[in-house]
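In what follows, a structure is listed as C-alpha cells, so that the remarks can point back to it.
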C-alpha cells in the first residue's frame, strides 16, 4: 500500500454549471473517506459465439463482486473497454453493457464510465466463418447489423439511476464520454465547494483515432478553470488510452517497479494515443491535478510521478476482466481519498487468494 | 489488340431459374457481337471533403464518357471499388453511386455491378480533424453516421431500370453481389439457350474479410451445373479482388508483358484475397469458363492464361477512376464477343490522346 500525501484546501465558491456536463445528483464522502474502485478492460462479450467467451464473463463478474464486497467503494469507475464490440454480431451491444455493470448495480453502488477503443469497434469477421462450416448460429443473428454507437451505449448507461456518466457536449463529437463530477463532504450539498473533482475523457479508438482532441483539451481547460479557478480543490482525471506522458516516465518494461513508483506489474511497453496535442502539459501545470488513471495496457499497473513540480501521478489501473489479452492476475485499482488529509492508492487484486488466477 | 479464339456451341436447353439470382430481363447480342466495358476502381467520393476529390470524380466521368462514346458497349460492368466509402462522412453513399453510374445511365446502356473492398468500408477519420481546426463542414454532417451497407447500395443500384445487378441469395451473406446473367442471340428470348453466361461474385473486403467463401463456391457450382450442365455455353466470371490463382501465373512485376499474356501495365505485385478455398480449381476445371476479370490492383492490366488444359484467361481490368492510388493512364478493359467465333479482348485507354493522363 503506497501513500501519497496531498494537502487539501476548502475555501472557494462552487460553480455548478450544466454546460460542463456535470453529473445531475451529488456524491458525498462517507465520514472522512471516499473510495473509488477502477474496473478496467472488462471486455464483456469477447468470443461471444464461443463457449469460453460467456464463461470468462462469469469470471469477470466474480472479480468485481469480490472487490466490491471487500472494498465497499462509494464509486465504481468503468475505465473503458467495457465491451469487446468487435466480437459481437448484433445490432445491440447494450445487453453486454448491462452484464458488465450488474455487480455494481446489484449492490446499489454509483458508477461513472468512459469509453475505450473496443467499446464501439466494428465487428471483425473471423476468416474461419467463411469455410464449409459457415457462420455459427447464423439463423439467430441479424443480417446487416452495424453495431452500437458510443452515443447509444452512453444513453443506455445513463438510463440507470446509479450511473453518474454523462454524454458530453455534442461539440466534442465523435468523442462522447467527456464530463466532470464533483464529490462533496458528508453533509454538504452540491451548492457548496466540493472536496474532490473528477474529470472523465474519451480517449477515442474503435470508430475513430485513439486520441484526446484539441477541442477536448480546450473543453477541459474551460471546465477546470470554471470549477476550480484557484486550483484549491484536488482533482483526478480518468481516460482509457495512455498518453505520450506515460511513455516519457515509464520504468523500463520488465524492470522492477521502484519508489517513487508503486505497482506490481510492468511487463509491457506503453501503447500510447496516436498523437499528443498538449493535454498532458495542461494537466501537469495544474497544481490541483493529483493523478490520472488509464487502462488499455493489461500488463501494466504502475503509478509513477511526472517530473513536473506538481507531483502529479500517472497511473495504470489493473486489468479486471477475463476478456482481453493477457493472463496477469485480475484485480482492480482502489483509490481511497481521506478527507482533509491524503489520497491512499492501493492495488487490490482479486487474485490474492488465488481464486481468480487462471 | 489481342485475339483469343474460343469456339462456340449452341445446343442445349435453357434453364432459367430465379433461384440462381438471374437478372430479370434479357440482354441480346447486337448482330454478331456483344461488347462489354469494364469500369474498375472508380473510387467515387474519395477525398470528398477536399477540393480535389470532387474534381477527380469529374475526370472519372470524362474517362467513362469517352469510352462509352467510342465503344458503344452493350453492357457496362462496374467491377468494384465504385466508391471510396472510407472517405464519406454521411449516412447515405448512394448519391456517389448515382454519380458513378450516371454516364452509363444517360446513354441508356445496361450495367451490372459487383462490390469491391472500398464500397462499404467504414469511415476513416483523418487525425488532422482532431486538431485545433476541427472537423471541416461539421455542421453539415450527421453525427453518429454509420455508412451504407452492401445491401443498401445494391438495392439502390437495382432501382434503376438499366441495372442487371442482383442482390444474391441471403444464404451467401455477408457477400451480396453474387448472381448469374445470360446473354442471348439477337432475336432469341430468354427461353432459349444463351450465347454467353456471365457470373458475378462478391470477393469481400470492407466490412468483412477479402475472400470468396465456401458457400459462394458451392453456389457457383450449383448455378453453373444447372445453367450450363454440358459446359457448352461459353462463360466469363467477374469479381473484384484477385485470387491466389492470379499470383501463381503473374509475370514478374516490372517485367514486359509477353505472349501468351496481353496488356500494357505490370507495375505491381498481385494483392490477392486472404484465402483461396477452391474457387480457382473449380473454375479451371470448366472447359466452358473462358476468362475471369478482376480489378483492385491499379498498376496491373495484364491478361494471362492459366496452366490448365482449358486455357482459361485470368485478366485484370484497367483502373478507370481518378480516385484510388496510382497515376497510370486511366482506361477501361473492353471485351468484344463475336457470335459463333471469338472473344476479342482489347484494352482501350482513355489516355490514348493524352487528355486523361494527369
- Listed highest first by mean packing, meaning other Cβ atoms within 10 Å per residue, what order do B:312-323, B:207-218, B:181-192 come in? B:312-323, B:207-218, B:181-192
- Tell me, how many Å apart are the Cα centres for the stretch A:193-217 and for the stretch B:273-330? 48
- chain A: projected area of the alpha-carbon convex hull, averaged over directions, in nm²: 17.3
- Task: Please report B:302, B:52 as a ranked list, fewest other C-beta atoms within 10 angstrom at the top and most at the bottom.
- Result: B:52, B:302
- Query: Among A:237-247, B:88-98, how do they line up from the highest to the lowest mean number of other beta-carbon atoms within 10 Å?
  - Reply: A:237-247, B:88-98
- Note on the structure: In degrees rounded to 10, the 0-90 angle between helix B:52-71 Cα long axis and the longest Cα principal axis of chain B is 20
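Averaged over peptide A:33-43, how many Cβ atoms belonging to another chain are found within 10 Å of each residue's Cβ?
0
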- Query: Using all Cα-Cα distances in the protein assembly as shown, what percent lands in each 20 angstrom bin from 0 up to the longest?
  - Reply: 17, 41, 27, 14, 2
- Alpha carbon centroid spacing (whole Å) that separates the stretch B:119-133 from the stretch A:65-117: 29
- Query: Peptide B:171-183: average number of partner chain Cβ atoms within 10 Å per residue?
  - Reply: 1
- Item | Residue exposure sequence - A:175, A:225 - by fewest surrounding Cβ within 10 Å | A:225, A:175
- Task: Let me have the 222 nm mean residue ellipticity of chain A computed from DSSP H runs of 4+ only, each contributing -39500 (n - 2.57), with the sum over all residues rounded to the nearest 500.
- Result: -6000 deg cm²/dmol
- Item | Across the identical copies, how the residue A:244 labels are spaced - nm, sorted shortest first, 7 Å along Cα→Cβ | 4.4
- Message: As I understand it, the value is the acute angle between the Cα axis of helix A:214-227 and the longest principal axis of the Cα atoms of chain A; what does it come to in degrees, rounded to 10?
- Response: 40
- Computed over chain A: longest principal axis from alpha-carbon atoms vs helix A:94-106 long axis, angle to nearest 10 degrees, is 50
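Order by neighbour count: B:109, B:101, B:141, fewest other Cβ atoms within 10 Å first, most last. Walk me through the numbers before you get to the answer.
Numbers: B:109 18, B:101 25, B:141 15.
The order, fewest Cβ neighbours first, is B:141, B:109, B:101.
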- Item | Partner chain coverage, peptide B:201-214 - average Cβ within 10 angstrom | 3
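Given a Förster distance of 30 angstrom, what is the FRET efficiency for residue A:258 paired with residue A:186, based on the Cβ-Cβ distance and rounded to 0.05?
Calculated value: 0.20.
Coordinate-derived values only; no laboratory data. Model, not experiment: these values are computed from the prediction. Cβ coordinates were reconstructed from backbone atoms using ideal geometry, including for glycine residues, and neighbour counts include every protein chain displayed.
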